[in-house]
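Input: a single structure, listed below in structure tokens.
What follows draws every value from the coordinates through simple rules; no lab data is involved. In this text the structure is predicted, and so the values were computed from the model without any measurement. Cβ atoms come from the backbone with ideal geometry, glycine included; neighbour counts cover every protein chain shown.
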Amino acid sequence: MMTKPLVSTPPEPGWNWIRRLGALGLVLLGVADNAPFISAPPGSMDVAVILLCMHRPRWWALYALLATVGEVLGGYITYRVAEKGGQQMLEKKLGKSRADKLYKLYEKQGFMTVFAGAILPPPFPFTSILMAAGVMQYPRKKFVSALSMGRSVRFFGEAWLGRIYGRQMIDFFSRNYKPALYALTAAAVAGGIGAIVYFKWIKPRRSEHSTET
């Protein structure tokens, strides 16, 4: 028995809805995608970005930017809600033991927890990561930075590929969702870690060396 993929080519009414959604609609969809009380269908933002970039390739960077803005806004709303009393809600959702493991993860690697979670596509339960950041009162600037970086890696990568291989990507995801998901996730995480290493360690050392000489 074949399982239905999370990402598939939408029917004509669905595509018309995505096309009408347009650039600014991506912001609203991004907010809904990360909101604690409402939720967009899993993978809907990814499909919308790819299809819009396929339809208007020149706007790919704008679509990626607005998708990122919407996701960061939605994530920040969830963070603030959890910050003001979301512990009981989160522990009811995950269970006390799993929530405790998430809290410990934030104590050791808060930035990477948000950053890596922001890259991973559905069905990864990212709302729990956002809520845990608020419950733990993880610093807001670090939270927004990690969330923005992770979502940028994800959506700018999808938008750039969507402008070139949009239809092929949708068809391929429909047939091979899990292998493609793992490959894209591994590539995105590797690229993100490489960027962090460069800007946090390599570039400062080069600047110090240049100043000394």
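Compare the peptides 107-116, 71-80, 89-98, 23-32 by average per-residue count of other Cβ atoms within 10 angstrom and give them in order, highest first. Each step should come with its number before you reach the end.
Details: 107-116: 17.1, 71-80: 22.8, 89-98: 14.1, 23-32: 18.9.
Packing order, densest peptide first, comes out as 71-80, 23-32, 107-116, 89-98.
The radius of gyration of the Cα set in the stretch 113-152, together with its Dmax, comes out at 9.5, 27 angstrom.
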